[in-house]
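The values are calculated or read from the model by the stated rules, or taken from the named source; none is laboratory data. Being a predicted model, the structure only gives us computed values, none of them experimental. We place every Cβ from the backbone using ideal geometry, glycine too, and count neighbours over all the protein chains shown. Heads up: the accessible areas ignore ligands, DNA and RNA and are worked out on the full protein's heavy atoms, side chains in. Shrake-Rupley method; radii C 1.70, N 1.55, O 1.52, S 1.80 Å.
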Amino acid sequence: MKITAKELRQKWFDFYKSKQHAIIRSSSLIPENDPTVLFTTAGMHPLVPYLMGAKHPAGKRLANVQKCVRTGDIDDVGDNSHCTFFEMLGNWSLGDYFKKEQIEWSYEFLTSKKYLGIPKTRLAVSVFEGDSDCPRDEESAGYWLKCGIPKERIFYLPKANNWWGPAGTTGPCGPDTEMFYVSTAPDCSPKCSPACDCGKYLEIWNDVFMEYNKTADGKYEQLKQKNVDTGMGLERTLVVLNGKKSVYDTDLFVPIISKIEELSGKKYNSKDASRPMRIIADHIRTAVFMLGDDRGITPSNVDQGYVLRRLIRRAIRYAKALDLEQGAVVKIAQAVIDVYKDVYKEIADNSQLIIAELTKEEERFEKTLKAGLKEFDKLVGYIQNGIISGKACFKLYDTYGFPIEMTEELAIERGLKINRDDFDKAYAEHQAKSQAGAQAKFKGGLADNTEATARLHTATHLMHKALKQVLTDKVAQRGSNITEERLRFDFSFDRKVEDAELREVEKIVNQAIEANVQVVCTEMTVDEAKQKGAIGLFESKYGEKVKVYSMDKYSIEICGGPHANKTGELGKFVITKEESSSAGVRRIKAVLK
Ligand code: SER
C-alpha cells in the first residue's frame, strides 16, 4: 500500500491546517433537526445553517472527515466502487475564500510531492457549462489553465454532472468543478469525457461553489455569502492513489475480507465468492457505524432502523450463500471495529453494544426466517397461475421481515414466479410512509411552549439523570416527546426496567422536586459543558457556546429549553408506563400530578 487511510486523513488535516482551517470532528450519521433525509450524506450536510449565513464558532475555514451513508445505490454494492458507508474528506469556506484559492489549493494538494503527488499529466477537470440558472464557469476554467491543466483536459458539462446540492429538497447548492484521475484505459469513443462513466476518468474530488439557495418553489436565489464546499471520497481516493481496482482492495477493507475468507474457508478471488464477500463487508461496516453512532440507532421496522435492519439481514443472507455459520456476522463486525476503533472513538466506546445488537438481530432473523418459510409454504399451496402476487410477497416482507430476494429464490426453486412490480409498488408506498414517519418523529421534542410542557421537560431532565444513576451511566437519550399531559422518553437500554427500579427513579426525581432547587441556564462552550459532566449530544456543536441547564446536583444537561424556574413547581412525578420502543430501546411515559 503506497498510502494508507490513516496517512491520507492526516495529509488532509495537515494541508488544511497549513491553510488556516479549523479541523472539526465528524458529525453524527443521523442528521440533527433535518427531516428531509434519514442519514448524513455529505460533509456539508451538518453545516447547512452556516452555509446559509449563521456564524460558525470555529471560524470561516473548516475541514474534517465526515462519516456518510448513502443507500440509494444499494443494489450496486459489490461492484468496484459503491459503498453504503464512506468517509468524506471535506473543507469549507463560509463566505471567506472562493474559486481562485480553492482551485489553486486543490491543484497543490493533488500534485505536490508533500501531499498526494499525482503527476499533472494524469489530471483532468470538469466545470459547469452554464444554463438559465447560473452562467458558464469560465472563471474556474481560467484558474485551472493557470495551474497548468491543458485546455483539452478541461471539460464543460451540464447540471447533471457539474452541479451539487441541495442535500435535501431545498438549501445551499451551486456549480462545481470536479477533478479526475485519468487512467491508462483508451478513450471509449471520440466523445469520451468524465461524463461517460467508462472508467477512463476516475473522480477524486468535488469543489462546489455554493452561492445559491434552492427554494421550495424550485428557484435558485443568491445566498448571503459565497461558500466553498468540497468533498473527496476517502475510499475511492485510496483506490486511485494505490493503483487498486476496487475499494475492497484498500487497507480499510482487506482485514474485513480476510476475516470472511477465514470464516468461510473460501477465497475472495474465487468464482461466486467475491461479490457476496464485498456485500457482507460493506453492509456490516455500515451497520457497525449506525449502531455505534453517538445518536445510535437499532434495527426496527421504520425510519433509519429499517435501513439498518435491511443491511444486516441482507448481509446475513449473503453470509448464508457462503455457508457461513450463525454468529459469523458478529465476528466480521469485530474485524470492522478493529479497523476503526482508533479513528472513531464512538466505535471503540460502543463496541459491546454493537456486538450485542447484531447478535440479537441475527437471532431474530433466524426466527423470522423459520416463521416466514412456513408462511411461504402455506402461500404456495394457494397459487394457481404460478405467480405469487406482489401483495403476498409484501406481506411476507412486512410481517415476517422476509427479504424479497429470498421469496424470489424460493419461488424459483419451486418453479414459480413473483409479481415484482406489484411488490415494488407496495414497498415504495411503505418507504414513503416511513419517510413521513421520520419527519413526524424529528418534529418530536416539545409539542408547545406552555408552562405545563416546560415543567414536564424539566422532569425529563431529572428522570434522565436518575435513570443513569439507577440503571447504568450508559443510558442515552434516543428520543423525547413532550406534551402538556405527559412526557415520553426513549433511551438505550437492553432489558425491561424492573418495577423496583422505576420506583427508585421516581423517588430520586421527587427528591429533587422537594428540594425545590433553582433551574439555572448558563452559556458555555461544549468543552466546558463536558468538563462539568453535562449530558447531551456534543458532536456537531464544534466548540460553539451552548446553553446548559443545571439543577443543583440533580441534573446538568445541554439543552435549548424551555424549563420551569424551580423544581418545586413540578408537583409529584409518576411513571405511568415502561415498555419496549424498538430493539435495545426502552420507552417511559410519565406525568406530573
Ligand atoms: N457536497 C459535495 C459532495 O458531496 C462536496 O462536498 O460531493
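Of the trypsin sites (Lys or Arg not before Pro) in segment 348-430, the ones in a loop by DSSP (not H, G, I, E or B) with at most 15 other beta carbons within 10 Å are 414. Note on the chain: with charges restricted to the Cβ of Lys and Arg (+1) and Asp and Glu (-1), its dipole about the Cα centre is near 580 debye.
Averaged per residue, segment 32-163 has 40 square angstrom of accessible surface, using a 1.4 angstrom probe with ligands and nucleic acids left out. Each label was represented as a point 7 Å from its Cα along the Cα-to-Cβ direction; for residue 359 and residue 114 these points are 5.0 nm apart.
Scalar couplings 3J(HN,Hα) for segment 575-588, obtained by applying the Karplus form with A = 6.51, B = -1.76, C = 1.60 to θ = phi - 60°, are 7, 9, 7, 9, 8, 7, 9, 7, 4, x, 10, 9, 10, 10 Hz; x denotes Gly and Pro. Per-residue surface analysis assigns residue 418 an accessible area of about 30 Å², computed on protein heavy atoms at 1.4 Å probe radius.
When you filter the trypsin sites (Lys or Arg not before Pro) in segment 91-173 for DSSP loop state and at most 16 other Cβ atoms inside 10 Å of their Cβ, you are left with 113, 114, 136.
Here the 3J(HN,Hα) profile of segment 182-189, calculated from phi with Karplus coefficients 6.51, -1.76 and 1.60 at θ = phi - 60°, is 8, 6, 7, 4, x, 4, 7, 6 Hz, Gly and Pro shown as x. Dividing the summed -39500 (n - 2.57) terms of all DSSP H runs of n ≥ 4 by the residue count of the chain sets its mean residue ellipticity at 222 nm at -13000 deg cm²/dmol.
State the percentage of accessible surface on the chain attributable to carbon and sulfur atoms; use a 1.4 Å probe and exclude ligands, DNA and RNA. Working shown, then result.
Values: 12860 of 26410 Å².
It is 49 percent, rounded to a whole number.
Put the Cα centre of segment 557-571 next to the Cα centre of segment 103-121 and the gap is 54 Å. Let's test the formula: R0 of 30 Å, r as the Cβ-Cβ distance of residue 6 and residue 138. What FRET efficiency results, to the nearest 0.05? So the FRET efficiency works out to roughly 0.15.
Using only side-chain charges placed at the Cβ, +1 for Lys and Arg and -1 for Asp and Glu, the dipole size of segment 228-387 relative to its Cα centre rounds to 640 debye.
Which distance in Å, rounded to a whole number, links the C-alpha centroids of segment 178-225 and segment 345-367? One Cα centre to the other: 38 Å.
Obtain the radius of gyration and the Kirkwood radius of the chain from its C-alpha atoms and give Rg over Rh. Reported Rg/Rh (Cα atoms, Kirkwood Rh): 0.99. Taking all protein chains as shown and a probe of 1.4 angstrom, residue 581 keeps an accessible surface of around 50 Å². For segment 42-98 versus segment 285-302, the spacing of their alpha-carbon centroids is 19 Å. When you filter the trypsin sites (Lys or Arg not before Pro) in segment 259-297 for DSSP loop state and at most 11 other Cβ atoms inside 10 Å of their Cβ, you are left with 267, 271. These residues, 111, 170, go from largest to smallest accessible area, 1.4 Å probe, as 170, 111. Per-residue 3J(HN,Hα) values for segment 170-179, derived from phi via the Karplus relation 6.51 cos²θ - 1.76 cosθ + 1.60 with θ = phi - 60°, read 10, x, x, 6, x, x, 10, 10, 10, 10 Hz in sequence order (x marks Gly and Pro).
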